[in-house]
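A quick write-up on the structure given underneath.
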Amino acid sequence: MTDVSSVSANVSPGSADASSVSANMSSVSANMIEVSGLTKAFSGGTLAVGGLDLTFEAGRRHAVIGPNGAGKTTLLNLIAGELRPTAGRIRYNGRDVTRTSRVKRSRLGIARTFQQPTVWSTLSVADNIALAAWPHSKVRGKWRRGRYRTLSEYCERYLETAGITALADRPAGALAHGERRMLDIGMALAAEPRVLLLDEPAAGLTDQGVERLLTAMRALPQEVTVIVVEHDFAFVSAVADTVTVLQDGKLLATGTPTEIAADAAVRTAYLGESGVVPDAVEEVV
Amino acid sequence: MRIPAVLLSRPVRIGVPGAALAVFLLIAPSSFDGYGISLMSKALALGVLAVSVSILAGYSGLPTMGQAAPFLVGAYTAGVMSTHGHTVGVLQLLCGTLVAAVFAAATGLVAIRTRGVAFLMTTLALGELTVTAAGEWRSLTGGTDGMYGITAIQPLPGMAALSSDRSIYWFVLTATVVVIAVVWWVLRSPVGKLLLACRDHEARMRSAGHPVTRYQWLAYVAAGALAGFGGVLMCTVNAYVSPDDGSFSNSALVLLAVVLGGAISPLGALLGAGLIVATQDWLSGPFPGHGPLLLGLMFIVAVYALPDGVAGIRFRVPKRRGGPA
Ligand SMILES: Nc1ncnc2c1ncn2[C@@H]1O[C@H](COP(=O)(O)OP(=O)(O)O)[C@@H](O)[C@H]1O
Ligand SMILES: [Mg+2]
């Protein structure tokens, strides 16, 4: 468990509200994200998330797994503020953010990537990163050319981390799928978040891309809380220290990767979907 | 349509039409009569309006049908100033721009809440309301008869009044060049990137923490101010303002100009406006009374045959990829 006081000391220089962060931290529990009774019913009648009670502790690497349609993406959308819950509450760092807009949540330090990598296609890769960093950077007057250049130079490190330096001047719309995925991840990192939500970040990446992603995730500051949705159990056990299993919008199990791999209920849930994933689970056991 | 890469490179794409336009604007007046020259002045004023539409429709992804409203506000501001003896052109431009900006700031609060077709309809309604208000507010605007007795302006205090179509043209051209240069400079700055990103993927901008609504409101206000500037120029050219200047057909014409010219190109918007004035006034000679029909045909041809616009700059918004699954 991360020492709480070290979190406030380590807040990155680019973070938008370092002072309020340190003020909050002293009075707050170690639960960075806490959802209670969280429910999302779509208009078609689908209950995507059905009364979840979950906590994501600060500074840990959490994985959320489950079969297709289990509600993983919906859970991330609810935490990021992309969707409004039908019922239930979401607390972030001790503060109720259930009604807080996604813009505000982003500014408070929640960043995310998308299952379908989402970028600004007419702008260059470098501009994508710089615009993602923009709301979180302390550089003043970024609408001025010189200041924007300062920001862009600072952001070169994220191009590097994501391994897309060579693509910096390409329009983002011209990228291949895997490259766009890495850009999406680079954009989330550029926000210098306190909570990083990754939706199937390894999907569609080459082995080299996955390696780079693993390196980037290990290089994250220790105090960053990560919630990663992923199908590949090998990847999950490589990055996560706790695993939460969802099925039909409900909590099925939670524990360390080893515990989860051995869990009978989880095996059944996966077996119900396909025979591929249990193999991956078995390898880990 | 396949176009060689050289022709699409930036210097060629912008330099060639830009140079051609500059040469035409500088040389043409010497071979035109007064009517032709005042048509060119009109095209410039309409061109400024077209650029304001391209800021919204092209850069910000907000297809507006109501930009003729702030245009009208600017024109009336100039008219009222003239009839009250304030005839300094630069001062009229400043005041017209400012009043139109305030007008857009207020109407923008309503319009920016909507998107897509709803935005189109809201701006259309706001435009029509403005035209109606201009027709009803007789004491200020002269009602539907329009505003007569607008005296010639002097560009700067102490200068002689502009008495000929030619001198008015040079004033309008100078003002247009200055304001388009400013727009160009702003759109090529990080501000332009913000707007393009909002247009590319608004939801992603919000997820990244950008206050998109505020950006778009500011773009709406800036575009309104620019339209007001164009309105002042129109008043100067015509020495007359009526609610017709803000009519639906004017708004639609200008949107057509922007489509013809390539939605994110200020240069293209200017060229499109020129094309429209030319079609409307010159082609209606051989085809009397069929102006609107011709313009309608042009619109259809433009959208189907020239998705990239006359100036070769992309009009169709790139397809959105992804979004939360
Ligand atoms: N916008 C939406 N409208 C209606 N139903 C949705 C929507 N998004 C997701 N769903 C449904 O909610 C369920 C959970 O989806 P999702 O959260 O994407 O699952 P996962 O990411 O675990 O595969 C699915 O049955 C899906 O069809
Ligand atoms: Mg999903």
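The values are calculated or read from the model by the stated rules, or taken from the named source; none is laboratory data. All figures in this text were calculated on a predicted structure; none of them were measured in a lab. Glycine gets a Cβ as well: all are built from the backbone with ideal geometry, and neighbour counts include every protein chain shown. Ligands, DNA and RNA are excluded from the accessible area calculation, which covers all protein heavy atoms including side chains. Shrake-Rupley method; radii C 1.70, N 1.55, O 1.52, S 1.80 Å.
Relative contact order for the stretch B:38-318: what is it in percent, counting Cα pairs under 8 Å that are at least 6 residues apart?
Details: 496 pairs, mean separation 97.3, N = 281.
It comes to 35 percent, rounded to a whole number.
Based solely on C-alpha atoms, express the radius of gyration and the Dmax of the stretch A:124-192 in angstrom.
In Å, with Rg to one decimal and Dmax whole: 11.3, 34.
Give the average over all directions of the projected area of the C-alpha convex hull of the stretch B:38-318, one decimal, in nm².
About 14.4 nm², averaged over all directions.
Could you grab the relative contact order for the stretch A:124-192? Cα pairs under 8 Å, six or more apart, rounded to a whole percent.
After rounding, I find 50 percent.
Once the other residues with Cβ under 11 Å from the Cβ of B:Ala134 are scored (Lys, Arg +1; Asp, Glu -1), what is the net sum?
Around B:Ala134, the surrounding residues sum to -3.
Check A:Ala253: other-chain or 5+ apart residues with amide H under 5 Å from its amide H, H built from backbone geometry?
Amide H neighbours of A:Ala253, under 5 Å, 5+ apart: A:Val245.
Per residue of A:148-157, how many C-beta atoms from partner chains lie within 10 Å of its own C-beta, taken as a mean?
Shielding by partners across A:148-157 averages 1.
Would you mind classifying the stretch B:183-225 by shape? Square roots of the alpha carbon gyration tensor eigenvalues, ordered a ≥ b ≥ c; an a/c under 1.5 is rounded, otherwise it is prolate if a/b is larger than b/c and oblate if not.
Oblate is the answer for the stretch B:183-225, as a/c is 1.5 or above yet b/c matches or exceeds a/b.
Computed on protein heavy atoms with a 1.4 Å probe, what is the summed buried accessible area for the chain pair B and A, in Å² to the nearest 100? Kindly include the intermediate steps, with their values, before the conclusion.
Working: alone 15410 and 12850 Å², together 25630 Å².
Chain pair B/A: roughly 2600 Å² of buried accessible area.
Across the residues of A:129-135, average count of Cβ atoms on other protein chains within 10 Å?
5
Once you average over the residues of B:186-198, how many Cβ atoms of partner chains fall within 10 Å of each Cβ? Working shown, then result.
On the way: counts 1, 0, 1, 4, 14, 5, 2, 11, 6, 0, 6, 11, 2.
Counting Cβ atoms of other protein chains within 10 Å of each residue's Cβ and averaging gives 5.
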